[in-house]
Amino acid sequence: MTSIITGDIINSKESSPKLWLNALKTILNSFGNTPQTWEIYRGDSFQLEVQPQHALKACMLIKATIKQFDNIDVRLAIGIGEKTFQSNNITESNGSAFVYSGECFESLKKTTLAIKSNNELFDTTINLMLDLAQLTINNWSSTSAILVKTTLENPDLNQNQIANILEKTQGNISQGLKRAGFDEILKLLKYYQNQIQTLC
């Protein structure tokens, strides 16, 4: 079992790629090498392969990375399934995970993050939770996005240490994480990981 994330930048023409492209490449690179693990194509679209248990956290990191920049956002579709053909380029590999990811991506209309697997009950439940989470996530300011990204990337650091990195006070960090719905995001990630263990 594997998971494939298909994504594209919303309003990419409204923002210079110089601003967001390197940030996107850096976060994708933290999961593996291009073009086997990830690949950017058509300028503002990309695919990434990660282990299923890490897929939702990867999406949160990508979302926070892109929402640092004004006027743009990112659409993300997770497909969970098998990889039956391995190519040197991820965009040429195949299997149910790729099919589910593509189908899920095509169905993204009013939402910017969704999951598809072979388990309809899991999909229905987690996608409802993601829809509710996006009421907060889609409204992250650039400050909230940077804070969420830094905290997700440094799970062993406390708020004082995060404050030092971002040159803010601990009180700023506490309030910022509350505004960003960070505790609820962690609960969602934990629920997702527990469900994935039974799914896979």
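The values are calculated or read from the model by the stated rules, or taken from the named source; none is laboratory data. Source: prediction; values computed, not measured. Cβ: placed from backbone, ideal geometry, glycine included. Neighbour counts: every protein chain shown. All accessible areas refer to the heavy atoms of the entire protein, side chains included, with ligands and DNA or RNA removed. Shrake-Rupley method; radii C 1.70, N 1.55, O 1.52, S 1.80 Å.
Angle of helix 182-199 to the longest C-alpha principal axis of the chain, folded into 0 to 90 degrees and rounded to 10: 20°.
Computed from Cα positions, the angle between helix 96-106 and the longest principal axis of the chain comes to roughly 60 degrees. Counting only DSSP beta bridges with both residues in segment 24-154, the antiparallel share comes to about 55 percent. Specify the angular offset, from 0 to 90 degrees and rounded to the nearest 10, of the alpha carbon long axis of helix 142-153 from the longest principal axis of the alpha carbons in the chain. With both axes taken from Cα atoms, the answer is about 70 degrees. Within the full protein context, the accessible area of E49 is estimated at about 40 Å² for a probe radius of 1.4 Å. When only alpha carbons of the chain are considered, Rg and Dmax amount to 16.4, 50 Å. Of the solvent-accessible surface of the chain, computed with a 1.4 Å probe over protein heavy atoms with every protein chain present, carbon and sulfur atoms account for 47 percent.
Magnitude of the charge dipole for segment 38-186, about its Cα centre and with charges confined to Cβ atoms of Lys, Arg (+1) and Asp, Glu (-1), is about 380 debye. In the context of the full set of protein chains, residues of the chain present 52 Å² of accessible surface per residue (probe radius 1.4 Å, heavy atoms only).
Could you give the length gained by full extension between L132 and K168, i.e. 0.36 nm per residue of separation minus their alpha carbon distance, to one decimal place?
Values: separation 36, 0.36 × 36 = 12.96 nm, distance 2.93 nm.
Contour length minus Cα-Cα distance gives 10.0 nm.
Amide H contacts of L76: L113, A114, each under 5 Å away and 5 or more positions distant or on a separate chain (H built 1.01 Å from N in the peptide plane; Pro and chain starts excluded). The residues packed around W38, meaning those with a beta-carbon under 15 Å from its beta-carbon, carry a net charge of -2 if Lys and Arg are +1 and Asp and Glu are -1.
Can you give the local net charge around I27? Use residues other than it whose beta-carbon is closer than 13 angstrom to its beta-carbon, Lys and Arg +1, Asp and Glu -1. Numbers along the way, then the final one.
On the way: positive: K25, K57, K63, K67, K149; negative: E153.
Around I27, the surrounding residues sum to +4.
Computed per residue of the chain from DSSP H runs no shorter than four, each worth -39500 (n - 2.57), the mean residue ellipticity at 222 nm is -16000 deg cm²/dmol.
One Cα centroid belongs to segment 73-121, the other to segment 20-44; the line between them spans 17 Å.
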